[in-house]
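What follows is calculated from the coordinates using simple rules that are stated; it is not laboratory data. Computed from a predicted structure; not experimentally measured. Cβ: placed from backbone, ideal geometry, glycine included. Neighbour counts: every protein chain shown.
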Amino acid sequence: MTLTQKLRYNLIGDRIFYKKVILILIPIIIQNAVTHIVNLVDNIMVGSVGTLEMSAVAIVNQLLFVFNLCIFGGLSGAGIFTSQFAGAKDTEGVRHSFRMKIYIALCVCAVAIAVFLLIPKTLIGMYISENTSVSDATKTLGFGLDYLYIIIIGLIPFAVSQIYGSTLRELGETKLPMIASVAAIGINIIFNYVLIFGNEGLAFLPFAPMGVVGAAIATSLSRYVEMLIIIISVHKNSEKYDFIKNVYKSFKIPLDLCHEILKKGVPLLFNEFLWSFGMAFLMQCYSVRGIEVVASTNIASTVGNMFNVVYFSIGAAISIMCGQHMGAGELEKAKTTVWRLLFLSIISCLVVGSILLSLSSVIPMVYNTTDTVRHLATELLCVLALLMPFNAFCHGCYFAMRSGGKTIITMIFDSGFIWLISCPIAYIIAHYTNLNIVPFYLAVQGIEAVKAIIAGILIKKGFWINNMVAKKD
């Protein structure tokens, strides 16, 4: 086999391979795309009320981002085993990992709710620049508290949806989570408009605009809709989703499996907490440049995430497909699958990044905000577009290492990098220089290129390939 043929084999799959990828990938892409489009719509709706309202919601969403990723990280440890149990056709193993997810999610929710209720002003106040006027700072804090106190109501149903949805995706069933998410998103959009604008948006409504409070109610309501759809559908179709049979009959989990899940899962939980807290820290560093920077980075982040759905979804596909291959003992297939999906991710992002670059000056125009905020958002979107292939490669490598249970290395690679490299650089630039926000943002985000090189070396070594559910003699 020539070098060209070898590269082609390693990077490009056959029709059967891509058919399997599409069946897994398309529902995830649709779910993620619709979710981020709605986040964009939410952003625009709240932004039309005012820049301070948009900044307040952005700050609270940054705090919720930490919670969301802690749920994601906490469930991921059990999820590694779910994928491999699925590959090994071990239904009882899937059932045990599902129960473990319930315990983990309850603990994360309890801690998050306690923190949000005990120190909300401190958390929100960290993102309000000292240069902000007293009047604007007070209003932003007030809007943020109004939003946070209501959004807390939706944390538990969100966690329950993630328990069910993540388990289904790890089994290769991506359609039902997509349907539940899309239905909930539809509810969110409708009630967002109705509650945010009230009788100013629809004259026949009997109540006044509710602003950020309306946005929070709509989001929390949508969480309950998503939870009910997915729970009812799974239990109603227990023949298809056989892991759910008798899952609540007992909450016992074999101690050795519990130990293994915690050994793999705790580093992932800490990783997601540290990484999301690191992202929150970066946001705080950017916010030193003023309240308009908070608004512009919020726009860039929301729009950027909408364009990142392709590589986000490919990362999920890597986790599912590689986990199942390793659980089935197909270790070489797992390695080949990773490189093929990483290549697909990079090529996709070259296309998507080009589209984002071409639309970077158009999208911010839909926001009812200042010209300064729009201009900054445009420049930040250009930065994100240029770095998208590097981000995609790192994201895919993270999921590959995680799928084999190498969670300590994953934590060092992910949150270790952001806290040891990105955060110190951001802090120094924010507090010891007068560097404009655009080169500041580029300097911090551009470090991802270095991380991509490290990621490639780690994946090539193949140390992450590991069957954790093989029956021991």
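Phi angles of region 450-461 translate, via the Karplus equation with coefficients 6.51, -1.76, 1.60 and θ = phi - 60°, into HN-Hα couplings of 5, 4, 5, 5, 4, 4, x, 5, 5, 5, 5, 5 Hz per residue; Gly and Pro are given as x. Projecting the Cα atoms of N199, L269, F251 onto the charge dipole of region 166-300 (Cβ charges, centred on the Cα centre) puts F251 farthest toward the positive pole.
Taking the Cβ-Cβ separation of F204 and I153 as r and a Förster radius of 41 Å, what is the calculated FRET efficiency to the nearest 0.05? Here the calculated transfer efficiency is 0.90. Within the shell defined by Cβ-Cβ distances under 14 Å, the residues around T219 carry a net charge of -2, with Lys and Arg each +1 and Asp and Glu each -1.
Packing, taken as the mean count of other beta carbons within 10 Å per residue, orders the peptides 353-364, 200-211, 375-386 from highest to lowest as 375-386, 353-364, 200-211.
Would you mind checking the tilt of helix 423-432 against the longest principal axis of the Cα atoms of the chain, expressed as 0 to 90 degrees and rounded to 10? Relative to the chain, helix 423-432 is tipped by roughly 20 degrees. Sorted into 10 angstrom bins from 0, the C-alpha pair distances of region 426-473 split as 21, 26, 20, 17, 11, 5, 1 percent. Using a Förster distance of 35 angstrom, determine the FRET efficiency expected from the C-beta separation of L7 and S354, and round it to 0.05. With a Förster radius of 35 Å, E is 0.90. With a simple spin-label model that places each label point 7 Å from the Cα along the Cα-to-Cβ direction, the separation between T138 and S361 comes to 4.1 nm. With a simple spin-label model that places each label point 7 Å from the Cα along the Cα-to-Cβ direction, the separation between E332 and C107 comes to 4.0 nm.
When the chain is described by a simple charge dipole with +1 on each Lys and Arg Cβ and -1 on each Asp and Glu Cβ, the residue from V182, A208, I347 located farthest towards its positive end is I347. Principal-axis analysis of the Cα atoms of the chain puts helix 309-327 at an angle of about 20° to the longest axis. Prolate is the label for region 307-379, because a/c, from the alpha-carbon gyration tensor with a ≥ b ≥ c as root eigenvalues, is 1.5 or above and a/b exceeds b/c.
Backbone phi angles across region 379-392, fed through the Karplus curve with coefficients 6.51, -1.76 and 1.60 (θ = phi - 60°), yield HN-Hα couplings of 5, 5, 5, 4, 4, 4, 4, 5, 8, 4, x, 5, 4, 4 Hz in residue order; Gly and Pro are listed as x.
Shape analysis of region 279-401 places it in the prolate category; the axes a ≥ b ≥ c from the Cα gyration tensor give an a/c of at least 1.5, with a/b above b/c.
Each other residue within a Cβ distance under 11 Å of F243 adds +1 if Lys or Arg and -1 if Asp or Glu, for a net charge of -1.
Amide H contacts of I447 (H built 1.01 Å from N, in plane; Pro and chain starts excluded): no residue 5 or more places away or on another chain comes under 5 Å. Once the Kirkwood radius over Cα pairs is known for region 376-473, the Stokes-Einstein relation at 37 °C and 0.692 mPa s delivers a diffusion coefficient of 217 µm²/s.
Let a ≥ b ≥ c be the square roots of the eigenvalues of the Cα gyration tensor of region 1-113; is it rounded (a/c under 1.5), or, if not, prolate (a/b larger than b/c) or oblate? Since a/c reaches 1.5 but b/c is at least a/b, the shape of region 1-113 is classed as oblate. Note on region 3-461: Kirkwood radius taken over Cα pairs, Stokes-Einstein applied at 4 °C and 1.567 mPa s, translational D equal to 57 µm² s⁻¹. FRET efficiency for the I421 to T370 pair, using the beta carbon distance and R₀ = 30 Å, is estimated at 0.35.
Between L118 and I408, full extension at 0.36 nm per residue minus the direct alpha carbon distance yields a gain of 101.3 nm.
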